1. By a straight-distance test (C-alpha under 13 Å), which aspartates and glutamates pair with Lys42 as possible cross-link partners, with residues fewer than eight away in the same chain excluded?
2. Can you work out the Karplus-derived ³J(HN,Hα) for every residue in region 268-275? Use 6.51 cos²θ - 1.76 cosθ + 1.60 with θ = phi - 60°, whole Hz, and x for glycine or proline.
3. For the peptides 380-392, 352-364, 239-251, 415-427, what is the packing order when you average, over each peptide's residues, the other Cβ atoms within 10 Å and list the highest mean first?
4. If R0 is 56 Å, what FRET efficiency do you get for Glu164 and Asp337 from their C-beta distance, rounded to 0.05?
5. Could you tell me what a quarter of the Cα convex hull surface of region 306-416 works out to, in nm² with one decimal place?
6. Under a point spin-label approximation (7 Å from Cα along Cα-to-Cβ), what is the Gln364-Gln61 distance to one decimal in nm?
7. Of Lys226/Lys293; Lys398/Lys425; Lys173/Lys226, which pairs sit farther than 22 Å apart, going by alpha carbon to alpha carbon?
8. At a Cα cut-off below 17 Å, give the aspartates and glutamates reachable from Lys79, other chains included and same-chain residues fewer than 8 away excluded.
Amino acid sequence: MKWLTLAVSALLAGGAAAPSAQAFCGFYVAQGDAKIFNHASKVVLARDGNRTVLTMVSDYQGDPKEFAVVVPVPVVPEKGQVHIGDAAWVDHLDAYAAPRLVEYTDPNPCPSAGIEVGGDTKIAFRRKDSSTRQLITSEDLRAVTVEAQYKVDEYEIVILSATEGRGLDQWLKANGYRIPDGAPAVLQSYIKQGMFFFVAKVDVQEQKRLGYNYLRPIQVAFESPKFMLPIRLGMMNADGPQEMFVFTLTRQGRVEAMNYRTVRLPTGIDVPEFVKGDFPDFYRLLFTDQHRKAGESAIFLEYAWVVVPNTPSCDPCTAPYLTPLELRSLGAFWISDAPGPAGDAVLTRLHLRYDAQHFPEDLQLLMTADRENWQARYVLHHPYRGPEECPQLAEYRKGVWERRRKEAENYCSLTGARFDGIRAKMGVDEKWSEPNEGLIWWERLWR
């Protein structure tokens, strides 16, 4: 049921992998005895009505000839509904929706110089052929049916259905795949839901011929009333809690999980100046502590915004504006690239860290009517450092001391850090007040 042809362009892949481990919505399978390390992934879901375009990005580390992936899908995609995307599209989406740090400099407290407010924005967080139908004739493998198989660029793709998980496990093993322990039971649960299995592996020679030395994202378009993301298979060959970023593009509104709590991260909070040079570590500590406080079973909202192509859709923006071509290429086909208004899409960024104990079910997603703009945003205030002297200066400095103490309290509340440790890092004594000796010690606060 072909309903969409994705626009595919030759954009350059760029950006670096996120600093923490993440997981894939399917599982990786290795051919032979190759060791697969399931490390990181980002997923984009463009959704309108029952139409979905799924873009899957992985940072699989190993020989591409040993790579393969199995992903449950609700329908059998035709060849025209599978495309190979560009990681640059997702990298840009990631940078645009990333948690951000904004800086402000206090105005001159002395009235004779007037009042000017300066601001700067910094980001330092998370900068990577025809269809056939045939029955397997082996006595042990009759539970599996090859619904379709075809090649799309460097990927060889097979769509399978099965009547029981053990048979599917045997089929994959018989065809040279090494399956994680415990897979049959999880596969069986998807079979009971009437799901099919999208299996893709790389033709290394074709990959070289096309001039690529990395794994390009796979895009699958389909129609189904199910709006969900399979995550349980991603735990099969995981080496610990998994990290995933889910980006959604919709016409209607923000997306959240139906079967898990969706929590908005604390935002708009003042933090100490030293965070400027330490934002990645700060945010990782923040996320880890918020994850712990939520019982390790929540999904966190990091960004939700009505995105209009080629216009600012953030405050402040952390990357160049998104273009109509990029949004259409990621599945937001309702965005126009013709002259005139392009339309808009609601971009949601969800962040989850999950394991089998706390996330026993796949993500069931809900498209809400909420179009409120929201983002995870943290604020630095630099004190005024000019040479002026005036009666107002003493009161201003007292306010700065009070603000610094509150910033330290905020940092500890957000990250779980010890208050004395943060006070020491800020160069402040236990009294949190200007000493009698004058500005020598005071200047330590201004470093």
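1. Asp59, Asp86, Asp91, Asp94, Glu243
2. Using θ = phi - 60°, the values come out as x, 9, 6, 10, x, 4, 5, 5 Hz.
3. 239-251, 352-364, 415-427, 380-392
4. 0.75
5. 12.9 nm²
6. 3.7 nm
7. Lys226/Lys293; Lys173/Lys226
8. Asp129, Glu147, Asp153, Glu154, Glu156, Asp203, Glu223
The values are calculated or read from the model by the stated rules, or taken from the named source; none is laboratory data. The model shown is predicted, which means the values in this text are computed figures rather than measured ones. Backbone-built Cβ (ideal geometry, glycine too); neighbour counts: all protein chains shown. Quick note on the areas: whole protein, heavy atoms, side chains included, nothing else; ligands and nucleic acids left out. Shrake-Rupley method; radii C 1.70, N 1.55, O 1.52, S 1.80 Å.
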